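Accompanying notes for the structure given below.
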């Protein structure tokens, strides 16, 4: 690190974690972890509960001492500093608003602690930013969950922290309000340009809001990248299952042909572009081929001849179908694996596609991805919430 | 009431039945209150009225007492025993402050730092209640006895010189001095301070401490601006639970003090049981009650805790 001036611009690294880890007795909450969060970004730590994401956040805030490693904020080592000396602020999971102070004093708390006397204008502006200007003299318990959440954000943001840490800030809100607040938080982040580090177990929330998502599992970062990259090219079965739904098919590697890897799963030949495979495919060994449900097209077995060449195809029988409005979700039993899931948009519905029908599933090989077959196919399936 | 599909002919007969049931339902809370109210009437309201009438009677034990609306008893009682009134308030206020000073750090420790020792420590706080109030106070008499280890230690550490200078002890003894009485009061009422303090501290979300630290408050500022204000209901409850009974207490002054440390409780007790001047004793009781009510009302108004609960 060169002497980076603490500019709040869009360049440079705001948070740098070096070999940071946390152990409680014999339990390792966070394995040694390196992470660099660029300034001005909206960064999400995503994972199921107990994966170490909150501990990581709390180590950045100084609420938890790391067992090993260091925390750097804007190029300055803050590992040994107590929370009140770090240029970060936190939005707590249950907001932790001071119940004895009104909204105005809650928001002014940080400014007053730093000895700033004239807080009126700043507090007013901040309350306007979160659209709570009329609630200044209310007590926290007189506000709804969504309003309390906005107060918590205002109380943290008013201090212009180097980094704003958000610990499951939307967890206590109902679904509709959560969606609304996601957009709201994104708007605020864009407006103030401060680095946000957001901890969540909701993969949809992470993907909606963050520029960069780090998927954590068992105290380790499984994969880090832009939401679309993580979704389209997961590198582990955990990421493939935790972010959305994936069909993972075990296949034998037959060899290569040009840029493609040739595979066989239960007498069905499949191809996978070598660039879509994140592991080395050796002939004679196994590989997992993954395909998202919405990338698969269903065709009734009678029309199999109409399927264009160059697509992977497997046969199966519809076990179940459920109509959910924008799409119909099918569960299909196939020789390559039971319970494959397929989402079809409801554009031209083929009435023959009912449970019991013989079908062909086909997809563009470029839409699938290859994974190391040594991993558990089930990893991350129970951990995610919903689809 | 949900089955409203009745014909107009039926409604005439059914409506009263429904309202009767509803009325019975409305009465349930009053029935539930009844035992408590009866208890209060028999053991609180009735004695209070009886006491009030006693306080305005004149007469003697031999000739019997009669209600003569003799309010002068109040004025006489007050002029004669105002030193004991003032002493009671002073002793009990001092004991309350000492209880707060001793109890707050302890309650804080138990609530936030004790971890798995929390329950054990709470049991230890309550443990003195397993012995009677009287026996515990008598034990203090032994502890503070003249020439005993405590007094000699205080003497050789020159602490007695300091307390002598302050006028709370005299010469080489602790027993039969204001210090002994205040110590006894403090000891006996300490759990009444600790319990409400602990309850209100324990209710404080530890994340509020983290939030305050996160918002640049030092640990001391966190205590001043967050913890202490939030524990105010406990402080108010604790001081009231200590101050009110301590003001009327007579056991501590009786066992640990001399005639110079008599509190108003001792006067009332001796008027009732020894002098047998019931009107004066009753009047003193009413004055004490009124004085405590007035002080407590003022205190609650000033501390403004209704905002916190």
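The values are calculated or read from the model by the stated rules, or taken from the named source; none is laboratory data. Source: prediction; values computed, not measured. No Cβ is skipped: glycine too gets one built from the backbone with ideal geometry, and neighbour counts run over all protein chains shown.
Can residue B:142 be described as touching a helix residue (DSSP H, G or I) at 6+ places or on another chain (Cβ under 9 Å) and either exposed (fewer than 13 other Cβ atoms within 10 Å of the Cβ) or assigned by TED's automatic domain parsing to the domain that holds residue B:95 (or both)? Before you say what the answer is, go through the steps one by one.
Numbers: touching a helix residue (DSSP H, G or I) at 6+ places or on another chain (Cβ under 9 Å): no; either exposed (fewer than 13 other Cβ atoms within 10 Å of the Cβ) or assigned by TED's automatic domain parsing to the domain that holds residue B:95 (or both): yes.
So residue B:142 does not fit the description; no.
Residue-by-condition table, conditions (1) touching a residue at least 12 places away in the same chain (Cβ under 8 Å); (2) part of a strand (DSSP E or B); (3) in contact with a helix residue (DSSP H, G or I) (Cβ under 8 Å, 6 or more places away or on another chain):
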site	(1), (2), (3)
A:330	yes, yes, no
A:339	yes, yes, no
A:348	no, no, no
A:362	yes, yes, no
A:371	yes, yes, yes
A:375	yes, no, yes
A:378	yes, no, yes
A:381	yes, no, yes
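Answer yes or no: is there a residue in region B:235-252 that is within 14 Å of chain A (Cβ to nearest Cβ) and over 18 Å from residue B:285 (Cα atoms).
Going residue by residue through region B:235-252, those that are within 14 Å of chain A (Cβ to nearest Cβ) are B:235-236.
Next, only the ones that are over 18 Å from residue B:285 (Cα atoms) stay: B:235-236.
Within region B:235-252, one or more residues are within 14 Å of chain A (Cβ to nearest Cβ) and over 18 Å from residue B:285 (Cα atoms).
Can you name the condition, by its number, that residue B:105 falls short on among (1) surrounded by 13 or more Cβ atoms within 10 Å (Cβ to Cβ); (2) closer than 23 Å to residue B:299 by Cβ; (3) under 22 Å from the mean Cα position of the chain (by Cα)?
Among (1) surrounded by 13 or more Cβ atoms within 10 Å (Cβ to Cβ); (2) closer than 23 Å to residue B:299 by Cβ; (3) under 22 Å from the mean Cα position of the chain (by Cα), the lone unmet condition for residue B:105 is (1).
Could you tell me whether region A:274-295 includes any residue that is in contact with a strand residue (DSSP E or B) (Cβ under 6 Å, 6 or more places away or on another chain) and under 19 Å from residue A:355 (Cα atoms)?
Checking region A:274-295: at least one residue is in contact with a strand residue (DSSP E or B) (Cβ under 6 Å, 6 or more places away or on another chain) and under 19 Å from residue A:355 (Cα atoms).
What tally of residues in region A:223-242 results from selecting those that are in a loop (DSSP other than H, G, I, E, B) and surrounded by fewer than 24 Cβ atoms within 10 Å (Cβ to Cβ)? Write out each step before concluding.
First, the residues of region A:223-242 that are in a loop (DSSP other than H, G, I, E, B): A:226, A:233-236.
Keeping just the survivors that are surrounded by fewer than 24 Cβ atoms within 10 Å (Cβ to Cβ) gives A:226, A:233, A:235-236.
Count: 4.
Quick one: which residue in A:145, A:75 is surrounded by fewer than 22 Cβ atoms within 10 Å (Cβ to Cβ) and in the same structural domain as residue A:38 (by TED's automatic domain parsing)? Show your work before the answer.
Details: A:145 fails: in the same structural domain as residue A:38 (by TED's automatic domain parsing).
So the residue among A:145, A:75 that is surrounded by fewer than 22 Cβ atoms within 10 Å (Cβ to Cβ) and in the same structural domain as residue A:38 (by TED's automatic domain parsing) is A:75.
Of these, A:99, A:66, which one is closer than 24 Å to residue B:212 by Cα and surrounded by fewer than 20 Cβ atoms within 10 Å (Cβ to Cβ)? Let's see the steps before the verdict.
Working: A:66 fails: surrounded by fewer than 20 Cβ atoms within 10 Å (Cβ to Cβ).
One residue alone meets the criteria, A:99.
List the number of the failed condition for residue A:104; all other conditions in (1) over 29 Å from residue A:54 (Cβ atoms); (2) touching a residue at least 24 places away in the same chain (Cβ under 8 Å); (3) within 14 Å of another protein chain (Cβ to nearest Cβ); (4) surrounded by 16 or more Cβ atoms within 10 Å (Cβ to Cβ) hold.
(3)
Considering only residues that are surrounded by 22 or more Cβ atoms within 10 Å (Cβ to Cβ) and closer than 19 Å to residue A:114 by Cβ, look in region B:177-215 and name the one that is farthest from the other protein chains (Cβ to nearest Cβ).
B:212
Rundown of residues vs (1) modelled with pLDDT under 85; (2) farther than 17 Å from residue A:244 by Cβ, yes/no style:
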residue: A:262; (1), (2): yes, yes
residue: A:270; (1), (2): yes, yes
residue: A:282; (1), (2): yes, yes
residue: A:289; (1), (2): no, no
residue: A:304; (1), (2): yes, yes
residue: A:318; (1), (2): no, yes
residue: A:337; (1), (2): yes, yes
residue: A:348; (1), (2): yes, yes
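Please pick out the residue among A:150, A:178, A:155 that is within 29 Å of residue A:203 (Cβ to Cβ), assigned by TED's automatic domain parsing to the domain that holds residue A:202, in contact with a helix residue (DSSP H, G or I) (Cβ under 8 Å, 6 or more places away or on another chain) and assigned to a helix (DSSP H, G or I).
Working: A:150 fails: assigned by TED's automatic domain parsing to the domain that holds residue A:202; A:155 fails: assigned by TED's automatic domain parsing to the domain that holds residue A:202.
Only one candidate passes the filter, namely A:178.
For residues that are in a loop (DSSP other than H, G, I, E, B) and within 23 Å of residue B:228 (Cβ to Cβ), tally how many sit in region A:83-106. Full working, then the answer.
Of the residues in region A:83-106, the ones in a loop (DSSP other than H, G, I, E, B) are A:86-87, A:92-102.
Among the residues that remain, those that are also within 23 Å of residue B:228 (Cβ to Cβ) are: A:92, A:94-102.
The number of residues fulfilling the criteria is 10.
For region B:216-230, which positions are part of a helix (DSSP H, G or I) and either on the phi > 0 side of the Ramachandran plot or within 7 Å of chain A (Cβ to nearest Cβ) (or both)?
Taking region B:216-230 and keeping what is part of a helix (DSSP H, G or I), we get B:219-230.
The answer is B:221, B:226, B:229, B:230.
When residues of region A:107-141 are filtered for being more than 8 Å from every other protein chain (Cβ to nearest Cβ), surrounded by 18 or more Cβ atoms within 10 Å (Cβ to Cβ) and outside any loop (DSSP other than H, G, I, E, B), how many remain?
Final tally of qualifying residues: 9.
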